Amino acid sequence: MNRPSVTAFFDNATNTISYIVADPATSRCAVVDSLLDYDGASGRTSTESADAIIAKVQELGLTVEWIIDTHVHADHVTGAHYIKENLGGKTGIGAMITEVQKVFGKIFNEGRTFHTDGSQFDHLFNDNETYTVGELTCNAIHTPGHTSACMVHSIGGSLFVGDTLFMPDFGTARCDFPGGDAGQLYRSIQRIFQLPDDTPMYMCHDYKAPGRDVFAWETTVGEQKRNNVQVNESINQEEFVKMRTARDNKLGTPKLMVPSVQINMRAGELPDPEDNGMRYIKVPLNEL
C-alpha cells in the first residue's frame, strides 16, 4: 500500500497536532484537525496556526480536497472554515454530528436559526464509508465513546485517531462529555486493534506523559495494543470502564470548551452577529 506524505503541526497552547496528509502521486491532500487560535481572556481569534498550514500547502504545491475534523473538539477551535476560504476543499465530519448539535444546541440555547442537521459541513461521513485523497483509498471509522460523533480516518492506510487514543504512555480520551460512554470507547478501540500491527497511527493531542521529555504523536496499532497504559490487550472492558470513570470524575472542564464547541459544531464559522453587529460566545452557568 502506498502511504501518504504526512506533515504535522504542533500547537503549544492547546497541545494539538494538525496534519497535512498528501498523496505524493497526485499532490492532492487532506487537512486533518486544523485549529484557529483563540484567546480566552479577550475573546479574540487569530489565524497564525491556520496560516502556517496554508503556507505549507502552497509551498508544496498541493491541492486541498478535504478539510476533516475527527470530531467536535472541546479543547481547541477548528480552522476548517478559514482554511476552506483560503484553499478550497470540502469540510467533513462524522454523521453523528447531528446528535452533538442537538445536545449542545439546547445547552447553548441556539434557537431556530441554528440547524442540527449537519448542513454547516460539506460532507458527513458514515461508518465504513470509503473516499479518496488523490489516488489514496480512505476509510471513515465511527469510534464513539469520547463523543458520539468521533471518527478515526484511515488515509492511505495511516490512521488519524482524533482524541480516541493518546500515545501509549498516556492512555485514552475522557468519556464524561454529553454523549460520551466509556464502554463504547473500549469497543471502538477494539475495532482499531483489529487492524494490522504495523498500521501507522497519528494522535491529535500529546501532553508528555511523566518521564517523557519530548512531545510525540506517531505510534502504531501494535504498540498501542501491547503498551497502552489504559487499554492494552490484557485489559478487559469492565476494568477499563472502572478506571476511566474514576479518572474522569476528577477532571475539570477543558478551558476552551465553551468557545470551541459553539464554533466547532458550526464547522468553524463564528456565531451569527446579533442586532448590534457583534458576535458572542455564550457561557451557560452551572451546566458544564
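Please treat every number below as a calculation from the coordinates, not as lab data. None of these values were measured; they are calculated from a predicted model. Cβ: placed from backbone, ideal geometry, glycine included. Neighbour counts: every protein chain shown.
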## Note on the structure
Output ordering of 66-74, 80-88, 259-267 (per-residue mean of other Cβ within 10 Å, highest first) is 66-74, 259-267, 80-88
#### Entry: Sites Leu285 and Thr26 - FRET efficiency at Förster radius 41 Å, r taken between beta-carbons, to 0.05
0.20
#### Entry: Average Cα contact separation per residue, region 5-264, under 8 Å, 6 or more apart, as relative contact order %
17
### Query
Using helices alone, what [θ] at 222 nm do you get for the chain, with -39,500 (n - 2.57) per DSSP H run of 4 or more residues, divided over all residues and rounded to the nearest 500?
-7000 deg cm²/dmol
### Largest-first principal axis extents of the Cα set of region 108-183 (Å)
41, 34, 16
## Note on the structure
Listed by chain and number, the residues whose amide H is under 5 Å from that of Gly94, excluding neighbours fewer than 5 places away on the same chain and using placed H, are Phe125
### Estimated distance in nm for a label pair at Ile107 and Asn232, the labels positioned 7 Å out from Cα along Cα-to-Cβ
3.4
### Message
In whole Hz and in residue order, list the ³J(HN,Hα) couplings for region 54-66 that follow from phi through the Karplus curve 6.51 cos²θ - 1.76 cosθ + 1.60, θ = phi - 60°; x for Gly and Pro.
### Response
4, 4, 5, 4, 5, 4, 7, x, 9, 10, 7, 9, 10
### Query
Most exposed first by the Cβ proxy, i.e. fewest other Cβ within 10 Å, how do Ser34, Ser5, Ser148, Ser46 rank?
Ser46, Ser5, Ser148, Ser34
### Message
For Leu251, Leu270, which order do you get if you count the other beta carbons within 10 Å of each Cβ and list the fewest first?
### Response
Leu251, Leu270
#### Entry: Pairwise Cα inverse-distance average, inverted: Kirkwood Rh of the chain (Å)
19.2
### Task
Just report the Cα centroid separation between region 101-118 and region 145-190, whole Å.
24
